[in-house]
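A.B. asks: Sharing a structure, written as structure tokens. Questions coming.
Each value in this text was obtained by applying a stated rule to the coordinates, not by laboratory testing. All values reported here derive from a predicted model rather than from experimental measurement. Ideal geometry is used to build each Cβ from the backbone, glycine not excepted, and the neighbour counts take in all protein chains shown.
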Amino acid sequence: MITIAVVEDNVQFRNGLESIIQSQNDMVLAGSYESAEKALNALPDNPTDIVISDINLPGMRGTNLILHLKDKMPHTQFMVCSIHDDDDTIFEAMKYGASGYILKNPVTADEILKAIHDLYNGGSPMSPFIARKVISSFQKPTVSTESSLLSVREKEVLEFLAKGLLYKEIADKLGVSHETIKKHLKNIYQKLHVQNKIEALKKVNLL
């Protein structure tokens, strides 16, 4: 049986997902939550095979929920089901741990079920439009060879710095300690051979 949790604040869409899942003999709806905070409190103690989450939720975003749950639920697969199709949201979801991304409008019950089975069987289900965006991103020339030296998390730290966030704000967004951010920066400076964050941002073309 495939155990599934739904995180969705739109009552009508949430009810629709629940009905689709409950109609299947090989699926169990193990939890349904209207906010990321409620899901975050409940899911780590009762991990499911799959979590289907919206992006825009009241309070914490769905992408941050995935980021927080990924370490706590290493065997769970995460799929976004959202109206958002912009590059920033798509790649934020992928970076934070989503293995699938389905657009709500339009989506059918059959497409939802196929995506669940694909995800459960090791695939990465995506709406065609999302898949095209992901493929296109790999076809673009690298903007900076320096950035290839950095890990995904180190790049995230620099991107937040470029937006003017303080170390504590970055730590809160990434769900880590202030000291962890300082360690990331130390590693970044060593890899890029720079002395401070201004030099680092310039080196990777973020300033």
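A.B. asks: Using +1 at the C-beta of Lys and Arg and -1 at the C-beta of Asp and Glu, which of Asn196, Val176, Gly164 has the Cα lying farthest in the positive direction of the dipole of region 146-203?
C.D. replies: Asn196
A.B. asks: Does anyone have the angle between helix 128-139 and the longest principal axis of the chain? Alpha-carbon axes, 0 to 90°, nearest 10?
C.D. replies: Approximately 20 degrees, to the nearest ten.
A.B. asks: Rounded to the nearest 10 degrees, what's the angle between the helix 152-162 long axis and the longest principal axis of the chain, both from Cα atoms, 0 to 90?
C.D. replies: Helix 152-162 sits roughly 70 degrees off the main axis of the chain.
A.B. asks: Compute the angle between helix 109-120 and the longest alpha-carbon principal axis of the chain, please, reported from 0 to 90 degrees and rounded to the nearest 10.
C.D. replies: It is inclined by approximately 60 degrees.
A.B. asks: Work out the length of the dipole vector of region 5-153 about its Cα centre, built from +1 on the beta-carbon of each Lys and Arg and -1 on the beta-carbon of each Asp and Glu, and round it to the nearest 20 debye.
C.D. replies: For this selection, approximately 320 debye.
A.B. asks: Here's a follow-up. If I model a spin label at Thr180 and Lys70 as a point 7 Å from the Cα along the Cα→Cβ vector, what separation in nanometres do I get?
C.D. replies: 1.1
A.B. asks: Only one of the values (1) 18.5, 59; (2) 16.7, 54; (3) 17.0, 51 was calculated from this structure for Rg and Dmax of the Cα atoms in Å; name its label.
C.D. replies: Recomputing Rg and Dmax of the Cα atoms in Å here gives the entry labelled (1).
A.B. asks: Taking 25 Å as R0, compute the FRET efficiency from the Cβ-Cβ separation of Asn15 and Asp85 and round it to 0.05.
C.D. replies: The calculated FRET efficiency here is 0.60.
A.B. asks: What is region 146-203's relative contact order, in percent, from Cα pairs under 8 angstrom and six or more apart in sequence?
C.D. replies: Reported relative contact order: 36 percent.
A.B. asks: Still on this structure, I have one more. At 222 nm, what helix-only mean residue ellipticity would the chain give, in deg cm²/dmol to the nearest 500, using -39500 (n - 2.57) for each DSSP H run of four or more?
C.D. replies: Theoretical 222 nm ellipticity from helices: -15000 deg cm²/dmol.
A.B. asks: Next question, about the same structure. For Lys114, which aspartates and glutamates qualify as cross-link partners when the Cα separation must be under 14 Å and same-chain residues fewer than eight apart are set aside?
C.D. replies: Asp26
A.B. asks: Shifting gears a bit: Give, in nm to one decimal, the length gained when the segment between Ala42 and His193 is fully stretched (0.36 nm per residue of separation minus the Cα-Cα distance).
C.D. replies: 50.0 nm
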